[in-house]
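Chemist: If you scroll down you'll find the structure; I have some questions about it.
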Amino acid sequence: LGLLYQEYRDKSTRQEIETRRLQDSQTDAEENSPSEEIPSEEEPTSTTESKAPPQISLLRNSNSRFNLWQDLPEIQSSGVLSILQPDEIKLQEAMFELVTSEASYYKSLNLLVSHFMENERLKKILHQSEAHILFSNVLDVMAVSERFLLDLEQRVEENIVISDVCDIVYQHTVNHFSVYITYVSNQTYQERAYKQLLQDKPAFREVISQLELDPKCKGLSFSSFLILPFQRITRLKLLVQNILKKVEEKSDRETTALDAHKELETVVKACNEGVRKMSRTEQMISIQKKLEFKIKSVPIISHSRWLLKQGELQQMNGPKTSRTLRTKKLFREIYLFLFNDLLVICRQIPGDKYQVFDSAPRGLLRVEELEDQGQSLANVFILRLLENADDREASYMLKASSQSEMKRWMISLAPNRRTKFVSFTSRLVDCPQIQCVHPYVAQQPDELSLELADVLNILDKTDDGWIFGERLHDQERGWFPSSMGEEILNPKIRAQNLKECFRVHKSDDSQRRKLGSRNRQ
(Lines give C-alpha, C1' and ligand atoms only; values in the text may rest on other atoms or scores of the structure.)
Protein backbone atom coordinates (compact mmCIF):
# COMPACT_ATOMS: atom_id res chain seq x y z
CA LEU A 1 0.00 0.00 0.00
CA GLY A 2 1.08 3.57 -0.65
CA LEU A 3 0.35 4.59 2.93
CA LEU A 4 2.45 3.85 5.95
CA TYR A 5 0.43 2.31 8.78
CA GLN A 6 0.56 5.48 10.87
CA GLU A 7 -1.08 7.41 8.00
CA TYR A 8 -3.55 4.62 7.25
CA ARG A 9 -4.62 4.32 10.87
CA ASP A 10 -5.04 8.06 11.29
CA LYS A 11 -7.12 8.38 8.14
CA SER A 12 -9.27 5.38 9.03
CA THR A 13 -10.06 6.57 12.57
CA ARG A 14 -10.83 10.10 11.38
CA GLN A 15 -13.27 8.67 8.84
CA GLU A 16 -14.87 6.71 11.68
CA ILE A 17 -15.25 9.94 13.68
CA GLU A 18 -16.84 11.76 10.74
CA THR A 19 -19.24 8.86 10.08
CA ARG A 20 -20.36 8.90 13.71
CA ARG A 21 -20.78 12.67 13.63
CA LEU A 22 -23.03 12.32 10.59
CA GLN A 23 -25.10 9.58 12.25
CA ASP A 24 -25.40 11.61 15.44
CA SER A 25 -26.75 14.63 13.55
CA GLN A 26 -29.40 12.69 11.64
CA THR A 27 -33.06 13.41 12.35
CA ASP A 28 -35.55 10.63 12.94
CA ALA A 29 -36.92 11.18 9.46
CA GLU A 30 -33.52 10.66 7.89
CA GLU A 31 -32.93 7.56 9.97
CA ASN A 32 -36.20 6.01 8.85
CA SER A 33 -35.88 6.90 5.16
CA PRO A 34 -36.10 4.02 2.63
CA SER A 35 -32.38 4.32 1.83
CA GLU A 36 -31.54 3.47 5.42
CA GLU A 37 -33.89 0.50 5.80
CA ILE A 38 -32.26 -2.89 6.14
CA PRO A 39 -33.39 -5.14 3.27
CA SER A 40 -34.18 -8.79 3.78
CA GLU A 41 -31.26 -11.19 3.64
CA GLU A 42 -30.52 -12.84 0.31
CA GLU A 43 -27.80 -15.32 -0.54
CA PRO A 44 -25.71 -14.04 -3.47
CA THR A 45 -23.30 -16.97 -3.52
CA SER A 46 -24.77 -18.86 -6.47
CA THR A 47 -24.60 -15.80 -8.73
CA THR A 48 -21.13 -14.69 -7.67
CA GLU A 49 -19.62 -18.15 -7.70
CA SER A 50 -20.77 -18.75 -11.25
CA LYS A 51 -18.44 -15.98 -12.43
CA ALA A 52 -14.69 -16.44 -12.77
CA PRO A 53 -13.37 -14.29 -9.91
CA PRO A 54 -10.79 -11.74 -11.12
CA GLN A 55 -7.71 -11.47 -8.92
CA ILE A 56 -7.56 -8.37 -6.75
CA SER A 57 -4.22 -6.73 -7.38
CA LEU A 58 -4.39 -4.14 -4.59
CA LEU A 59 -2.06 -5.95 -2.22
CA ARG A 60 0.53 -6.58 -4.95
CA ASN A 61 0.55 -2.98 -6.16
CA SER A 62 2.80 -0.70 -4.11
CA ASN A 63 1.26 2.38 -5.73
CA SER A 64 -2.25 1.62 -4.49
CA ARG A 65 -3.83 4.20 -2.21
CA PHE A 66 -6.38 4.04 0.61
CA ASN A 67 -9.46 2.53 -1.12
CA LEU A 68 -12.81 1.04 -0.30
CA TRP A 69 -13.50 -2.52 -1.40
CA GLN A 70 -16.41 -1.34 -3.55
CA ASP A 71 -14.18 1.23 -5.32
CA LEU A 72 -11.77 -1.38 -6.69
CA PRO A 73 -11.96 -1.68 -10.51
CA GLU A 74 -12.36 -5.46 -10.17
CA ILE A 75 -15.42 -5.00 -7.95
CA GLN A 76 -16.91 -2.20 -10.06
CA SER A 77 -16.68 -4.23 -13.27
CA SER A 78 -17.97 -7.48 -11.76
CA GLY A 79 -21.56 -6.32 -11.23
CA VAL A 80 -21.50 -7.80 -7.73
CA LEU A 81 -22.49 -4.49 -6.11
CA SER A 82 -25.94 -4.72 -7.71
CA ILE A 83 -26.45 -8.17 -6.21
CA LEU A 84 -25.19 -7.85 -2.66
CA GLN A 85 -27.35 -6.44 0.10
CA PRO A 86 -26.15 -3.15 1.71
CA ASP A 87 -25.33 -4.96 4.98
CA GLU A 88 -23.14 -7.47 3.14
CA ILE A 89 -21.29 -4.66 1.38
CA LYS A 90 -20.59 -3.05 4.77
CA LEU A 91 -19.29 -6.40 6.02
CA GLN A 92 -17.05 -6.73 2.95
CA GLU A 93 -15.64 -3.27 3.66
CA ALA A 94 -14.93 -4.20 7.29
CA MET A 95 -13.09 -7.38 6.28
CA PHE A 96 -11.24 -5.58 3.50
CA GLU A 97 -10.03 -2.91 5.93
CA LEU A 98 -8.52 -5.57 8.18
CA VAL A 99 -6.56 -6.96 5.21
CA THR A 100 -5.38 -3.64 3.74
CA SER A 101 -4.44 -2.25 7.15
CA GLU A 102 -2.26 -5.33 7.77
CA ALA A 103 -0.53 -4.67 4.43
CA SER A 104 0.11 -1.07 5.48
CA TYR A 105 1.32 -2.20 8.91
CA TYR A 106 3.74 -4.69 7.35
CA LYS A 107 5.12 -1.93 5.15
CA SER A 108 5.81 0.26 8.20
CA LEU A 109 7.42 -2.63 10.09
CA ASN A 110 9.63 -3.34 7.09
CA LEU A 111 10.73 0.31 7.08
CA LEU A 112 11.52 0.16 10.81
CA VAL A 113 13.81 -2.81 10.18
CA SER A 114 15.41 -1.89 6.85
CA HIS A 115 15.74 1.87 7.37
CA PHE A 116 16.51 2.08 11.09
CA MET A 117 17.49 -1.26 12.63
CA GLU A 118 19.76 -2.36 9.78
CA ASN A 119 21.36 1.05 9.18
CA GLU A 120 25.13 0.55 9.24
CA ARG A 121 25.91 3.84 11.00
CA LEU A 122 23.36 3.05 13.72
CA LYS A 123 24.78 -0.45 14.17
CA LYS A 124 28.24 0.98 14.87
CA ILE A 125 26.91 3.43 17.46
CA LEU A 126 24.73 0.98 19.40
CA HIS A 127 26.07 -1.72 21.68
CA GLN A 128 24.46 -5.10 21.03
CA SER A 129 22.56 -4.96 24.33
CA GLU A 130 21.27 -1.44 23.54
CA ALA A 131 20.07 -2.55 20.12
CA HIS A 132 18.32 -5.55 21.67
CA ILE A 133 16.41 -3.38 24.17
CA LEU A 134 15.56 -0.81 21.49
CA PHE A 135 14.30 -3.21 18.81
CA SER A 136 13.44 -6.22 20.98
CA ASN A 137 11.96 -9.09 18.91
CA VAL A 138 10.70 -6.89 16.07
CA LEU A 139 12.05 -9.38 13.50
CA ASP A 140 9.77 -12.06 14.99
CA VAL A 141 6.84 -9.61 14.92
CA MET A 142 7.51 -8.79 11.25
CA ALA A 143 7.78 -12.46 10.30
CA VAL A 144 4.42 -13.14 11.99
CA SER A 145 2.84 -10.18 10.18
CA GLU A 146 4.18 -11.39 6.83
CA ARG A 147 2.79 -14.90 7.32
CA PHE A 148 -0.55 -13.46 8.49
CA LEU A 149 -0.72 -11.10 5.49
CA LEU A 150 0.05 -13.87 3.00
CA ASP A 151 -2.86 -15.94 4.34
CA LEU A 152 -5.17 -12.91 4.20
CA GLU A 153 -4.08 -12.12 0.63
CA GLN A 154 -4.74 -15.69 -0.42
CA ARG A 155 -8.25 -15.54 1.04
CA VAL A 156 -9.04 -12.23 -0.71
CA GLU A 157 -7.85 -13.63 -4.05
CA GLU A 158 -9.94 -16.80 -3.74
CA ASN A 159 -13.15 -15.00 -4.59
CA ILE A 160 -14.19 -11.48 -5.42
CA VAL A 161 -16.57 -11.62 -2.44
CA ILE A 162 -14.53 -12.27 0.71
CA SER A 163 -15.93 -15.30 2.52
CA ASP A 164 -14.38 -14.59 5.95
CA VAL A 165 -11.15 -13.40 7.56
CA CYS A 166 -11.82 -14.00 11.25
CA ASP A 167 -10.98 -17.69 11.02
CA ILE A 168 -7.51 -16.68 9.79
CA VAL A 169 -7.24 -14.10 12.59
CA TYR A 170 -8.16 -16.79 15.12
CA GLN A 171 -5.56 -19.29 13.90
CA HIS A 172 -2.74 -16.74 13.83
CA THR A 173 -3.67 -15.25 17.20
CA VAL A 174 -3.64 -18.68 18.88
CA ASN A 175 -0.48 -19.94 17.17
CA HIS A 176 1.72 -16.91 16.51
CA PHE A 177 0.66 -13.65 18.19
CA SER A 178 2.47 -14.37 21.48
CA VAL A 179 5.41 -12.47 19.91
CA TYR A 180 3.40 -9.29 20.53
CA ILE A 181 3.34 -9.95 24.29
CA THR A 182 7.13 -10.20 24.33
CA TYR A 183 7.56 -6.99 22.32
CA VAL A 184 5.01 -4.90 24.22
CA SER A 185 6.17 -6.10 27.66
CA ASN A 186 9.56 -4.60 26.81
CA GLN A 187 7.99 -1.17 26.19
CA THR A 188 8.99 0.39 29.53
CA TYR A 189 12.66 -0.52 29.05
CA GLN A 190 12.49 0.45 25.37
CA GLU A 191 11.22 3.96 26.12
CA ARG A 192 13.79 4.46 28.86
CA ALA A 193 16.66 3.21 26.67
CA TYR A 194 15.61 5.48 23.80
CA LYS A 195 15.51 8.57 26.05
CA GLN A 196 18.87 7.65 27.59
CA LEU A 197 20.49 7.15 24.17
CA LEU A 198 19.21 10.52 22.94
CA GLN A 199 20.64 12.12 26.05
CA ASP A 200 23.99 10.31 26.30
CA LYS A 201 24.98 9.69 22.67
CA PRO A 202 25.00 12.76 20.37
CA ALA A 203 25.98 10.51 17.44
CA PHE A 204 22.83 8.39 17.97
CA ARG A 205 20.68 11.52 18.15
CA GLU A 206 22.23 12.83 14.91
CA VAL A 207 21.75 9.61 12.93
CA ILE A 208 18.15 9.17 14.09
CA SER A 209 17.35 12.78 13.09
CA GLN A 210 18.87 12.24 9.63
CA LEU A 211 17.00 8.98 9.11
CA GLU A 212 13.71 10.60 10.17
CA LEU A 213 14.20 13.30 7.49
CA ASP A 214 14.31 10.69 4.73
CA PRO A 215 11.23 11.03 2.44
CA LYS A 216 10.49 7.32 3.08
CA CYS A 217 9.45 8.23 6.65
CA LYS A 218 6.96 10.86 5.44
CA GLY A 219 7.73 13.12 8.40
CA LEU A 220 7.03 10.40 10.96
CA SER A 221 9.27 9.97 14.01
CA PHE A 222 11.38 6.93 14.89
CA SER A 223 9.34 6.47 18.09
CA SER A 224 6.12 6.24 16.04
CA PHE A 225 7.61 3.16 14.35
CA LEU A 226 8.72 1.60 17.63
CA ILE A 227 5.18 1.62 19.08
CA LEU A 228 3.60 0.08 15.96
CA PRO A 229 3.20 -3.49 17.32
CA PHE A 230 1.30 -2.33 20.43
CA GLN A 231 -0.94 -0.08 18.34
CA ARG A 232 -1.56 -2.84 15.81
CA ILE A 233 -2.57 -5.62 18.19
CA THR A 234 -5.02 -3.23 19.88
CA ARG A 235 -6.38 -1.98 16.56
CA LEU A 236 -6.73 -5.52 15.23
CA LYS A 237 -9.09 -6.33 18.09
CA LEU A 238 -11.20 -3.28 17.18
CA LEU A 239 -11.26 -4.27 13.50
CA VAL A 240 -12.58 -7.72 14.47
CA GLN A 241 -15.16 -6.01 16.67
CA ASN A 242 -16.23 -3.97 13.66
CA ILE A 243 -16.68 -7.16 11.64
CA LEU A 244 -18.57 -8.79 14.50
CA LYS A 245 -21.05 -5.90 14.58
CA LYS A 246 -21.87 -6.48 10.89
CA VAL A 247 -22.11 -10.29 10.56
CA GLU A 248 -25.46 -12.04 10.71
CA GLU A 249 -26.45 -13.07 14.24
CA LYS A 250 -26.21 -16.80 15.04
CA SER A 251 -24.21 -17.43 11.84
CA ASP A 252 -20.93 -19.29 11.35
CA ARG A 253 -19.21 -15.97 10.64
CA GLU A 254 -20.42 -14.61 13.97
CA THR A 255 -18.99 -17.67 15.73
CA THR A 256 -15.56 -17.25 14.11
CA ALA A 257 -15.58 -13.50 14.81
CA LEU A 258 -16.42 -14.11 18.48
CA ASP A 259 -13.67 -16.72 18.74
CA ALA A 260 -11.12 -14.43 17.09
CA HIS A 261 -12.11 -11.51 19.28
CA LYS A 262 -11.85 -13.57 22.46
CA GLU A 263 -8.33 -14.74 21.59
CA LEU A 264 -7.23 -11.23 20.59
CA GLU A 265 -8.60 -9.85 23.84
CA THR A 266 -6.50 -12.39 25.75
CA VAL A 267 -3.36 -11.26 23.90
CA VAL A 268 -4.14 -7.55 24.38
CA LYS A 269 -4.74 -8.07 28.12
CA ALA A 270 -1.46 -9.97 28.40
CA CYS A 271 0.30 -7.11 26.59
CA ASN A 272 -1.22 -4.55 28.96
CA GLU A 273 -0.34 -6.64 31.99
CA GLY A 274 3.22 -7.04 30.73
CA VAL A 275 3.67 -3.27 30.47
CA ARG A 276 2.01 -2.61 33.82
CA LYS A 277 3.96 -5.29 35.67
CA MET A 278 7.32 -3.80 34.63
CA SER A 279 6.43 -0.25 35.64
CA ARG A 280 4.45 -1.18 38.77
CA THR A 281 7.24 -3.20 40.35
CA GLU A 282 9.71 -0.33 40.02
CA GLN A 283 7.14 2.16 41.30
CA MET A 284 6.33 0.09 44.41
CA ILE A 285 10.03 -0.25 45.27
CA SER A 286 10.44 3.52 44.96
CA ILE A 287 7.43 4.23 47.23
CA GLN A 288 8.57 1.71 49.85
CA LYS A 289 11.91 3.55 50.18
CA LYS A 290 10.13 6.86 50.87
CA LEU A 291 7.87 5.64 53.69
CA GLU A 292 8.66 5.80 57.41
CA PHE A 293 6.09 4.28 59.74
CA LYS A 294 4.97 6.06 62.90
CA ILE A 295 2.51 3.20 63.39
CA LYS A 296 3.01 -0.55 63.01
CA SER A 297 4.80 -1.13 59.72
CA VAL A 298 2.77 -2.43 56.77
CA PRO A 299 4.61 -4.32 53.99
CA ILE A 300 4.03 -2.26 50.83
CA ILE A 301 5.60 -4.37 48.08
CA SER A 302 3.37 -7.18 46.82
CA HIS A 303 2.96 -8.82 43.41
CA SER A 304 -0.78 -8.20 43.59
CA ARG A 305 -0.56 -4.53 44.67
CA TRP A 306 -0.27 -1.41 42.56
CA LEU A 307 -0.73 2.34 42.97
CA LEU A 308 -4.09 3.86 42.00
CA LYS A 309 -3.58 7.45 43.12
CA GLN A 310 -1.29 9.60 45.22
CA GLY A 311 -1.30 13.23 46.19
CA GLU A 312 -1.69 15.98 48.75
CA LEU A 313 -4.95 16.92 50.47
CA GLN A 314 -5.78 19.34 53.29
CA GLN A 315 -6.92 17.78 56.57
CA MET A 316 -9.21 19.77 58.83
CA ASN A 317 -7.81 20.43 62.32
CA GLY A 318 -9.79 20.34 65.56
CA PRO A 319 -13.25 18.99 66.44
CA LYS A 320 -16.21 19.15 64.07
CA THR A 321 -17.59 22.18 65.93
CA SER A 322 -14.77 24.21 64.41
CA ARG A 323 -16.21 23.81 60.91
CA THR A 324 -17.65 27.29 61.16
CA LEU A 325 -14.20 28.87 61.58
CA ARG A 326 -12.98 30.76 58.53
CA THR A 327 -9.22 30.82 59.00
CA LYS A 328 -6.36 29.53 56.84
CA LYS A 329 -5.12 27.46 59.79
CA LEU A 330 -8.24 25.35 59.64
CA PHE A 331 -6.48 22.79 57.42
CA ARG A 332 -3.02 21.24 57.27
CA GLU A 333 -1.40 19.10 54.57
CA ILE A 334 -1.46 15.34 54.52
CA TYR A 335 -0.35 12.96 51.74
CA LEU A 336 -2.24 9.87 50.57
CA PHE A 337 -0.96 6.77 48.78
CA LEU A 338 -3.94 4.77 47.53
CA PHE A 339 -3.25 1.25 46.29
CA ASN A 340 -5.74 -1.22 44.81
CA ASP A 341 -6.14 -2.86 48.24
CA LEU A 342 -4.70 -0.40 50.78
CA LEU A 343 -4.76 3.27 51.81
CA VAL A 344 -1.72 4.80 53.51
CA ILE A 345 -2.07 8.27 55.12
CA CYS A 346 1.13 10.26 55.67
CA ARG A 347 2.69 13.61 56.39
CA GLN A 348 5.56 14.76 54.22
CA ILE A 349 8.84 15.16 56.12
CA PRO A 350 12.26 16.49 55.02
CA GLY A 351 14.33 14.48 52.55
CA ASP A 352 11.47 13.56 50.18
CA LYS A 353 10.15 11.14 52.83
CA TYR A 354 6.65 10.44 54.14
CA GLN A 355 5.76 9.52 57.71
CA VAL A 356 2.82 7.09 57.84
CA PHE A 357 0.38 7.75 60.69
CA ASP A 358 -2.65 5.72 59.59
CA SER A 359 -3.77 3.07 57.10
CA ALA A 360 -6.77 0.94 56.18
CA PRO A 361 -7.80 -1.74 53.68
CA ARG A 362 -9.38 -0.11 50.61
CA GLY A 363 -12.51 -2.20 51.02
CA LEU A 364 -13.15 -0.58 54.42
CA LEU A 365 -13.24 3.02 53.13
CA ARG A 366 -16.35 5.19 52.82
CA VAL A 367 -16.66 8.74 51.48
CA GLU A 368 -19.27 11.47 51.82
CA GLU A 369 -19.36 14.84 50.06
CA LEU A 370 -20.13 18.03 52.00
CA GLU A 371 -22.41 20.49 50.23
CA ASP A 372 -23.30 24.17 50.72
CA GLN A 373 -20.67 24.72 53.40
CA GLY A 374 -19.32 28.05 52.14
CA GLN A 375 -16.18 28.96 50.23
CA SER A 376 -13.61 27.84 52.82
CA LEU A 377 -15.21 24.38 52.91
CA ALA A 378 -15.68 24.03 49.14
CA ASN A 379 -14.43 20.73 47.68
CA VAL A 380 -14.47 19.11 51.14
CA PHE A 381 -15.40 15.48 51.75
CA ILE A 382 -15.46 13.07 54.68
CA LEU A 383 -13.26 9.98 54.51
CA ARG A 384 -14.24 7.20 56.92
CA LEU A 385 -11.94 4.30 57.76
CA LEU A 386 -14.20 1.55 59.12
CA GLU A 387 -11.14 -0.14 60.58
CA ASN A 388 -7.85 1.75 60.68
CA ALA A 389 -4.32 0.82 61.80
CA ASP A 390 -5.49 0.83 65.45
CA ASP A 391 -8.44 -1.48 64.65
CA ARG A 392 -10.96 1.27 65.25
CA GLU A 393 -13.15 3.54 63.13
CA ALA A 394 -11.65 6.90 62.15
CA SER A 395 -12.89 9.91 60.16
CA TYR A 396 -10.98 12.56 58.25
CA MET A 397 -12.41 15.77 56.83
CA LEU A 398 -10.37 16.45 53.67
CA LYS A 399 -10.23 19.38 51.30
CA ALA A 400 -9.14 19.06 47.64
CA SER A 401 -7.71 21.79 45.45
CA SER A 402 -10.62 21.65 42.95
CA GLN A 403 -13.95 19.99 42.31
CA SER A 404 -12.41 17.54 39.82
CA GLU A 405 -9.66 16.57 42.27
CA MET A 406 -12.26 15.98 45.00
CA LYS A 407 -14.38 13.76 42.75
CA ARG A 408 -11.34 11.88 41.50
CA TRP A 409 -10.30 11.09 45.07
CA MET A 410 -13.83 10.08 46.08
CA ILE A 411 -14.25 7.69 43.13
CA SER A 412 -10.77 6.19 43.67
CA LEU A 413 -11.32 5.72 47.41
CA ALA A 414 -14.82 4.23 47.05
CA PRO A 415 -15.21 2.99 43.45
CA ASN A 416 -18.68 1.43 43.85
CA ARG A 417 -20.52 4.53 45.04
CA ARG A 418 -23.12 6.11 42.77
CA THR A 419 -21.76 8.61 40.27
CA LYS A 420 -23.56 11.55 38.66
CA PHE A 421 -25.03 9.59 35.75
CA VAL A 422 -24.76 5.94 36.77
CA SER A 423 -26.00 4.02 39.77
CA PHE A 424 -24.53 0.57 40.30
CA THR A 425 -27.75 -0.78 41.76
CA SER A 426 -30.27 -0.13 38.97
CA ARG A 427 -30.58 -1.14 35.32
CA LEU A 428 -29.03 0.97 32.54
CA VAL A 429 -31.64 2.72 30.35
CA ASP A 430 -29.54 5.44 28.77
CA CYS A 431 -26.20 6.95 29.64
CA PRO A 432 -24.37 9.99 28.22
CA GLN A 433 -21.68 8.99 25.73
CA ILE A 434 -18.69 10.71 24.19
CA GLN A 435 -16.43 9.92 21.25
CA CYS A 436 -12.75 10.83 21.33
CA VAL A 437 -11.68 13.36 18.67
CA HIS A 438 -8.22 14.10 20.12
CA PRO A 439 -5.86 11.41 21.46
CA TYR A 440 -4.92 11.71 25.12
CA VAL A 441 -2.07 10.17 27.11
CA ALA A 442 -2.85 9.55 30.80
CA GLN A 443 -0.74 11.64 33.17
CA GLN A 444 -1.89 10.05 36.44
CA PRO A 445 -2.76 6.45 37.46
CA ASP A 446 -6.49 7.30 37.68
CA GLU A 447 -6.57 8.77 34.16
CA LEU A 448 -7.44 6.95 30.93
CA SER A 449 -5.41 7.18 27.72
CA LEU A 450 -7.64 7.72 24.70
CA GLU A 451 -7.30 6.85 21.02
CA LEU A 452 -9.12 8.60 18.19
CA ALA A 453 -12.71 7.32 17.70
CA ASP A 454 -12.92 5.65 21.16
CA VAL A 455 -16.51 5.67 22.44
CA LEU A 456 -17.10 5.96 26.18
CA ASN A 457 -19.98 6.03 28.63
CA ILE A 458 -19.83 9.19 30.75
CA LEU A 459 -20.10 8.07 34.37
CA ASP A 460 -19.37 11.44 35.96
CA LYS A 461 -18.19 14.92 35.03
CA THR A 462 -17.02 18.05 36.82
CA ASP A 463 -17.63 21.76 36.32
CA ASP A 464 -13.91 22.34 35.72
CA GLY A 465 -13.63 20.22 32.59
CA TRP A 466 -12.99 16.58 33.53
CA ILE A 467 -14.96 13.42 32.65
CA PHE A 468 -14.92 10.02 34.34
CA GLY A 469 -15.69 7.53 31.59
CA GLU A 470 -15.79 3.86 30.70
CA ARG A 471 -14.60 2.85 27.23
CA LEU A 472 -17.09 0.54 25.56
CA HIS A 473 -14.73 -1.79 23.72
CA ASP A 474 -12.72 -2.89 26.79
CA GLN A 475 -14.58 -1.46 29.86
CA GLU A 476 -11.44 0.39 31.01
CA ARG A 477 -12.27 3.36 33.26
CA GLY A 478 -10.58 6.63 34.08
CA TRP A 479 -10.56 10.41 33.96
CA PHE A 480 -9.76 12.57 30.94
CA PRO A 481 -10.27 16.23 29.90
CA SER A 482 -13.71 16.87 28.40
CA SER A 483 -12.02 18.81 25.56
CA MET A 484 -10.73 15.48 24.18
CA GLY A 485 -14.17 14.40 22.98
CA GLU A 486 -17.58 15.25 21.55
CA GLU A 487 -20.76 14.12 23.28
CA ILE A 488 -23.04 11.78 21.30
CA LEU A 489 -26.44 13.44 21.46
CA ASN A 490 -28.61 11.04 19.45
CA PRO A 491 -30.18 8.51 21.89
CA LYS A 492 -30.63 5.95 19.09
CA ILE A 493 -26.90 6.02 18.33
CA ARG A 494 -26.11 5.65 22.04
CA ALA A 495 -28.46 2.67 22.28
CA GLN A 496 -26.90 1.12 19.15
CA ASN A 497 -23.41 1.55 20.62
CA LEU A 498 -24.47 -0.26 23.80
CA LYS A 499 -26.21 -3.01 21.86
CA GLU A 500 -23.08 -3.61 19.79
CA CYS A 501 -20.98 -3.61 22.95
CA PHE A 502 -23.09 -6.34 24.56
CA ARG A 503 -23.02 -8.37 21.35
CA VAL A 504 -19.23 -8.20 21.10
CA HIS A 505 -18.78 -9.61 24.60
CA LYS A 506 -21.60 -12.13 24.61
CA SER A 507 -19.27 -15.10 24.10
CA ASP A 508 -17.86 -14.57 27.58
CA ASP A 509 -20.53 -14.86 30.28
CA SER A 510 -18.31 -13.44 33.01
CA GLN A 511 -17.43 -10.50 30.80
CA ARG A 512 -21.12 -9.87 30.15
CA ARG A 513 -21.92 -9.93 33.86
CA LYS A 514 -19.07 -7.51 34.50
CA LEU A 515 -20.36 -5.15 31.82
CA GLY A 516 -23.93 -5.37 33.07
CA SER A 517 -22.99 -4.61 36.67
CA ARG A 518 -20.91 -1.62 35.62
CA ASN A 519 -23.36 -0.07 33.16
CA ARG A 520 -26.51 0.35 35.21
CA GLN A 521 -29.01 3.11 35.72
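The values are calculated or read from the model by the stated rules, or taken from the named source; none is laboratory data. Worth saying up front: this structure is predicted, and the values here are computed from it rather than measured. Heads up, the Cβs are rebuilt from the backbone with ideal geometry, glycines too, and the neighbour counts pull from every protein chain shown. Surface accessibility is based on the protein's heavy atoms, side chains included, excluding ligands, DNA and RNA. Shrake-Rupley method; radii C 1.70, N 1.55, O 1.52, S 1.80 Å.
Chemist: Once both labels are modelled 7 Å past Cα along the beta-carbon direction, what's the residue 402-residue 348 spacing in nm?
Modeler: Spacing of the two 7 Å Cα→Cβ label points: 1.8 nm.
Chemist: Charges only on Cβ, +1 for Lys and Arg, -1 for Asp and Glu: so what's the dipole of segment 230-371 about the Cα centre, in debye to the nearest 20? Intermediate results must be reported in sequence, preceding the final value.
Modeler: Numbers: 28 positive and 18 negative charges, 136 e Å.
Roughly 660 debye for segment 230-371.
Chemist: Follow-up question, since we're still on this one. Positive end of the charge dipole of segment 66-285 (Lys, Arg +1 and Asp, Glu -1 on Cβ, about the Cα centre): tell me which of 142, 222, 266 has its Cα farthest that way.
Modeler: Farthest towards the positive end: 222.
Chemist: Related question: For segment 104-236, report the accessible area per residue in Å² (1.4 Å probe, heavy atoms, rounded to an integer). Provide the component values of the computation, followed by the final result.
Modeler: Numbers: 6030 Å² over 133 residues.
Normalised by residue count, the accessible surface of segment 104-236 is 45 Å².
Chemist: Compute, for segment 294-413, the length of the dipole vector about the Cα centre, with Cβ point charges of +1 (Lys, Arg) and -1 (Asp, Glu) only. Units Debye, rounded to 20.
Modeler: On the way: 19 positive and 14 negative charges, 65 e Å.
It comes to approximately 320 debye.
Chemist: I would also like to ask the following. Express the carbon and sulfur contribution to the solvent-accessible surface of segment 294-413 as a percent, rounded to the nearest whole number, probe 1.4 angstrom.
Modeler: Heavy-atom surface of segment 294-413 belonging to carbon and sulfur, 1.4 Å probe: 48 percent.
Chemist: Take the Cβ-Cβ distance between residue 82 and residue 121 as r, set R0 to 60 Å, and report the resulting FRET efficiency rounded to the nearest 0.05. Provide the component values of the computation, followed by the final result.
Modeler: On the way: r = 56 Å, r/R0 = 0.94.
According to the calculation, E is roughly 0.60.
Chemist: Pull up the cross-link candidates among the aspartates and glutamates for residue 195, meaning alpha carbon to alpha carbon under 18 Å and not fewer than 8 places away within one chain.
Modeler: 130, 206, 212, 282
Chemist: By a straight-distance test (C-alpha under 13 Å), which aspartates and glutamates pair with residue 399 as possible cross-link partners, with residues fewer than eight away in the same chain excluded?
Modeler: 312, 333, 368, 369, 371
Chemist: May I pose another question? Hey, with R₀ at 30 Å, roughly what FRET efficiency would residue 26 and residue 438 work out to, going by the Cβ-Cβ distance, to 0.05? Walk me through the intermediate numbers first.
Modeler: Numbers: r = 24 Å, r/R0 = 0.79.
It comes out at approximately 0.80.
Chemist: Next question, about the same structure. Could you state the number of Å between the C-alpha centres of segment 181-255 and segment 448-505?
Modeler: Here the answer is 24 Å between Cα centres.
Chemist: In nm, what is the difference between 0.36 nm times the number of residues separating residue 11 and residue 395 and their Cα-Cα distance?
Modeler: Details: separation 384, 0.36 × 384 = 138.24 nm, distance 5.24 nm.
Computed gain between residue 11 and residue 395 is 133.0 nm.
Chemist: Can you tell me how much longer the chain between residue 303 and residue 387 gets when fully stretched, taken as 0.36 nm per residue apart minus their C-alpha distance, in nm with one decimal?
Modeler: 27.9 nm
Chemist: Once Lys and Arg get +1 and Asp and Glu get -1 on their Cβ, which of 302, 360, 345 lies farthest toward the positive end of the dipole of segment 294-413?
Modeler: Farthest towards the positive pole: 345.
Chemist: Next up: With all protein chains present, how much of the accessible area of segment 66-285 (probe radius 1.4 Å) comes from carbon and sulfur, to the nearest whole percent? Could you put the intermediate results ahead of the total?
Modeler: Working: 5050 of 9660 Å².
For segment 66-285, the apolar C and S fraction of the accessible surface comes to 52 percent.
Chemist: Among the listed pairs 277/407; 123/201; 90/237; 237/269; 90/218, give every one whose C-alpha distance is greater than 20 Å.
Modeler: Details: 277/407 27 Å; 123/201 13 Å; 90/237 18 Å; 237/269 11 Å; 90/218 31 Å.
As for pairs spanning more than 20 Å Cα to Cα, those are 277/407; 90/218.
Chemist: A further question follows. Within the P(r) computed for segment 66-285, what percentage of the Cα pairs occupies the region above 33 Å? Don't jump to the answer; show the numbers that get you there.
Modeler: Working: 6447 of 24090 pairs.
Every Cα pair in segment 66-285 considered, those over 33 Å come to 27 percent.
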